[in-house]
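As structure tokens, the structure follows; a few thoughts come after it.
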Amino acid sequence: MLADAQVPGELQRLQQALLQTRQQILEVQEKVRAGLATKDADIFDAHLLVLEDPSVLEEVMRLVQQEKVNVEHAYHMVAEKFACALAGVNDEYLRERAADMRDVAGRLLNNLLGRPDHIDLRHLREPCIIISHDLPPSTTAQFDRSKVLGFATDSGSKTSHTAIMARSMRIPAVVGLKNASKELATGDHVLLDGYNGVIIINPTDQTLFEYGQLERRQADRAVQLFALKDQPAITLDGVRIMLSANIERDAESGAVRESGADGVGLFRTEFLFLNRDTMPTEEEQYESYRQVAAAAKPHSVIIRTLDLGGDKFATYIDTTAEANPMLGWRAIRFCLHQPDIFRAQLRAILRASAEGNVKVMYPMISGVDELTQANALLDECKAALRTSGTPFDENLEIGTMIEIPSAVIIADALARRVKFFSIGTNDLIQYSLAVDRLNEKIAPLYEPTHPAILRLIKLTTEAGRRNGIRTGVCGEMASDPVLVPLLLGLGVDELSVVPMMLPPVKHLIRRLKMSEAKVLAEFALGCDSGAEILVRAQALVRQCAPDLFDHQKPS
Ligand code: PEP
Ligand code: MG
């Protein structure tokens, strides 16, 4: 509750956010007009009317002054009340205004919370390439694949959730271009090469021809690799590697099956919580997990509990802006502070475990206490389900992600308490090297082959072995064929990769000897230079599977 003295400051924040939001809406409208979509630009007139609606603003101010709630809460409550009322009206025009109300509220709340601008791409009518300064993962997840042929951003890096989402949705993308959004204008022609991370402005006929050939070669390669679908991922010297898939949405179950994966090694459940106005119910979560578990049978599905925060925010959850969201109220920390939200998810997972081979995994575990607290809540949910006679798998396996350096250091203690480890290299690299995984300015420092990272992976697999549990990798390192031999040589038992990369990774494993991977890892552990390790890793992969390098850009 606000103190009386805080009320004027709060109202001042509202005025500033209103001005900022108005300016953003006008800018988007201008861009749409410049693209000659004049009719589409009218949408934003409606947004301005909603933003400045006196009845909404009066009620927000009244709540702040009388109820002493902060302006984010007040605006959210009022906007939702108006949106629900409009959504229930028997008039199509007014019902559409409910969507406008929510859109404007999302934009205004982002401004109050200091989050990146909310991007509205509903006006897209024709297929195009999006060039933007930044794109949050929630916006990327909403792209209409028939309209968005690809995208490029100034900011971000290969392991940002926006880039991960693009790979899942098979949208060609290039991130971290620094100035693309300033150098390009609506209507320019660009060729976007996601394989090599470049965009070519106004490509010549010769370039288009060469890329046409490259596309054909890639399509032929995809057909050849598809033939491996039902073959196991087994090295030339007979070591079987579990190769599973990472997914963000239940709709990807089909892609998992088609890729020939050994189930799902990472289900990022937070994506069900994004791009909506209310929290998914337990029932909705259960249905989503049940579908994935049923489709993967008899293989297993590792359901990772919510990893909200960092770069993934749900607008209906009242979070205040943080100076360092990646070090803040994220993942298991958020869930342990919000036990009702966590319990609903745990119940949904437990119930889905009756329908398939389900395992549960906690993200961002930094110490034993968090694991103990999460397990206590899980046990509580199990007890309640037993009492109500609701079926679940009594032997449900619990695992933890290893993505914070402290978890590696205490890996033995964690290993004694879980059934499996899954190394999240995306975050492990970010937290160990102190390199923000979203920041393109320091992207060259984000080095998966840094000797410290390889030693951390080795320490984790050794702790796993000592305690009789298996260690997988579900970070993007596992999806990069160049890095796969290193991971296997370091003792990793399982890899979980983006479905699109599963065929090339399997192809490589089938052409590799584990003895070669071990020699590489031994070299790497004795080497001080990440660059040197990378060169050696590339040489081994080129030797085993030279065809995987076919996508390199035409001269
Ligand atoms: C990771 O950190 O490597 C990981 C798999 O989790 P996420 O990318 O969702 O943070
Ligand atoms: Mg992570």
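Worth pointing out:
- Test for Val435: is it within 16 Å of ligand 2 (Cβ to nearest atom) and free of Cβ contacts under 8 Å to residues at least 24 places away in the same chain: yes
- The residue that is surrounded by the fewest Cβ atoms within 10 Å (Cβ to Cβ), counting only those in the stretch 391-413 that are under 23 Å from His299 (Cα atoms) and away from ligand 1 (no atom under 16 Å from the Cβ), is Asn395.
- The stretch 431-474, subset at pLDDT 95 or above and basic (Lys, Arg), residue farthest from ligand 1 (Cβ to nearest atom): Arg466
- Under the condition of being under 19 Å from Ser300 (Cα atoms) and either within 16 Å of the chain's Cα centre (by Cα) or within 8 Å of ligand 1 (Cβ to nearest atom) (or both), the residues counted in the stretch 414-430 number 3.
- When residues in the stretch 149-203 are screened for being acidic (Asp, Glu) and in contact (Cβ under 8 Å) with a residue 24 or more places away in the chain, 2 of them pass.
- For the stretch 250-286, the set of residues classified as among the basic types (Lys, Arg) and surrounded by 18 or more Cβ atoms within 10 Å (Cβ to Cβ) consists of Arg268 only.
- Residue check for Asp307: acidic (Asp, Glu) and within 16 Å of ligand 2 (Cβ to nearest atom): yes
- From the options Ser406, Ser422, residue that is within 16 Å of ligand 2 (Cβ to nearest atom), small (Gly, Ala, Ser) and part of a strand (DSSP E or B): Ser422
- Residue in the stretch 416-430 that is farther than 27 Å from Asn324 by Cα and not basic (Lys, Arg) present: yes
- Near pairs, Cβ below 6 angstrom, 6+ apart or cross-chain, from the stretch 416-427 (under 14 Å from Arg465 (Cα atoms)) to any residue that is within 9 Å of ligand 2 (Cβ to nearest atom): Ser422/Met401; Ser422/Cys474
- Residue selected from the stretch 173-207 under the condition loosely packed, with under 15 Cβ neighbours inside 10 Å and of a type in the set (Asp, Glu), by the criterion nearest to Pro136 (Cα to Cα): Glu183
- Test for Ala222: is it of a type in the set (A, V, I, L, M, F, W, C), surrounded by fewer than 13 Cβ atoms within 10 Å (Cβ to Cβ) and in a helix (DSSP H, G or I): yes
- Filter result for Met477 (under 25 Å from Ile164 (Cα atoms), surrounded by fewer than 24 Cβ atoms within 10 Å (Cβ to Cβ) and within 16 Å of ligand 1 (Cβ to nearest atom)): no
- Scanning the stretch 487-504 finds no residues that are more than 16 Å from Pro451 (Cα to Cα), loosely packed, with under 15 Cβ neighbours inside 10 Å and not basic (Lys, Arg).
- Asp412 among the acidic types (Asp, Glu) and in contact with a helix residue (DSSP H, G or I) (Cβ under 7 Å, 6 or more places away or on another chain): yes
- Within the stretch 123-145, residues that are under 19 Å from Glu440 (Cα atoms) sit with their Cβ atoms under 7 Å from residues that are in a strand (DSSP E or B) and of a type in the set (A, V, I, L, M), at 6+ positions apart or across chains, in these pairs: Ile130/Val148; Ile131/Ala152.
- Conditions (1) surrounded by fewer than 21 Cβ atoms within 10 Å (Cβ to Cβ); (2) within 16 Å of ligand 2 (Cβ to nearest atom); (3) within 17 Å of Glu270 (Cβ to Cβ); (4) of a type outside the set (Phe, Trp, Tyr): number failed by Ile365: (1)
- Residue satisfying condition, being surrounded by fewer than 21 Cβ atoms within 10 Å (Cβ to Cβ) and either modelled with pLDDT of 95 or more or touching an Asp or Glu at 6+ places or on another chain (Cβ under 8 Å) (or both), within set Tyr289, Tyr316: Tyr316
The values are calculated or read from the model by the stated rules, or taken from the named source; none is laboratory data. No experiment lies behind these values; they were computed from the predicted model shown. FYI the Cβ positions are ideal-geometry reconstructions off the backbone, even for glycines, and counts take in every protein chain you see.
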